[in-house]
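Enquirer: Right, I'll just put the structure down here and ask away after.
The values are calculated or read from the model by the stated rules, or taken from the named source; none is laboratory data. For clarity, every value in this text was computed on a predicted model and none was experimentally measured. Cβ placement follows ideal geometry from the backbone for every residue including glycine, while neighbour counts extend to all protein chains displayed. Surface accessibility is based on the protein's heavy atoms, side chains included, excluding ligands, DNA and RNA. Shrake-Rupley method; radii C 1.70, N 1.55, O 1.52, S 1.80 Å.
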Amino acid sequence: MRVEEFLAEVDRAFDGDPRTSAPRDPRFVGIAESVNGYTSANELAVLNAAARVMPVDECYLEVGSYKGRSMCAAVQDVDDKTFYVVENYLEFGMQGRAARVELERNLATYAAHADVRLIEGNCFALLRRPGIVDRPVGVYFYDGEHTGLSHYLALGIIEPWLADEAIILVDDASYPMVSGAHEEFIARHPQWRVERRWDAEVNGDPRWANGLHALSFRRDAATARGSAESWDVRWRRLAYLASLGPGQKAAWKAIHHFPGLIPLAKTLYPSKKASQIDPG
Ligand SMILES: C[S@@+](CC[C@H](N)C(=O)[O-])C[C@H]1O[C@@H](n2cnc3c(N)ncnc32)[C@H](O)[C@@H]1O
């Protein structure tokens, strides 16, 4: 994936400076209005720009589809490429089969032309599994859980799967714990850099929701395929799998069964998205 091509395609997708203007293509506003979700029309236009310029021998991988809004937009006019969605049906009232049915219905409406492959489970466990995707990841969109640890790990865990040059789009990046996590990661991993920051001016900004950052990765000798996992990623992965992951799973399940806990979740979960919890 050529980073420069992606940046040029983003510029073409907007009427002016993307930070202050709307996408040229009105379909993204339409998708944002008709598919339940959390991404804004501007974010959807950026995701689609990335998919458009991604080579066919690479794939697009999204973590956190919810009901499919971001994936429905990413695939618009892209019918010859491979898209993966990883979703654990846990947060925001996403419980099991019912959630999957709604996601599949939206994909049938907006993405029937595209090759979208659903992978169910926790990304931090799944992305250690050999052969989970069938080609290098040219575009990675991370919109999963938003803790500092998860965000750091979200970058570390994908690195072995990335194409030699890749674009990584991080949602909710205006939150300090999100941008802080990728800045900390980049400080240790010089193959990565921040290319663009489309920040939210207010929480839930109409143009950029909670902010989107575009990162790039360029593989070098230190990150050659088959390299051992670095220690900073390894200890975080083990810590996550041992404690944070199972703890969050239990908490979201409890909220689903006992909606009276929602006020407590809003206090504990440090993001606007907690105010949008749908108990089912
Ligand atoms: C904010 S929502 C995604 C919104 C969606 N991209 C949109 O455009 O509306 C986050 C989703 O990530 C999923 N998720 C959170 N942590 C995850 C993980 N570790 N692995 C897989 N999915 C995860 C949640 O179940 C939830 O559906």
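Enquirer: What ranking do 35-42, 124-131, 69-76 get when scored by the average of other Cβ atoms within 10 Å per residue, highest first?
Expert: In decreasing order of mean packing, 35-42, 124-131, 69-76 become 69-76, 35-42, 124-131.
Enquirer: What does DSSP give for region 3-273 in terms of the percent of beta bridges that are antiparallel, rounded to the nearest 5?
Expert: So the antiparallel bridges amount to about 40 percent of the total.
Enquirer: Could you list which residues have their amide H under 5 Å from that of residue 196, counting only those 5 or more apart in sequence or on another chain, with H placed in the peptide plane?
Expert: Those lying under 5 Å, H to H, from residue 196 are 214.
Enquirer: Tell me the per residue accessible area of region 3-273 using a 1.4 Å probe; a whole number in Å² is fine.
Expert: On the way: 11370 Å² over 271 residues.
Accessible surface, normalised per residue, equals 42 Å².
Enquirer: Give the carbon-plus-sulfur fraction of the accessible surface of region 147-221 in %, rounded to a whole number; probe 1.4 Å, heavy atoms of protein chains only.
Expert: 50 percent
Enquirer: While we're on this one: With charges set only on the Cβ (+1 for Lys and Arg, -1 for Asp and Glu), what does the dipole of region 3-273 come to about its Cα centre, in debye to the nearest 20?
Expert: Result for region 3-273 is approximately 980 debye, rounded to the nearest 20.
Enquirer: Taking the Cα-to-Cβ direction at residue 117 and at residue 15 and moving 7 Å from each Cα, how far apart do the two end points lie in nm?
Expert: Result: 4.0 nm between the two label points.
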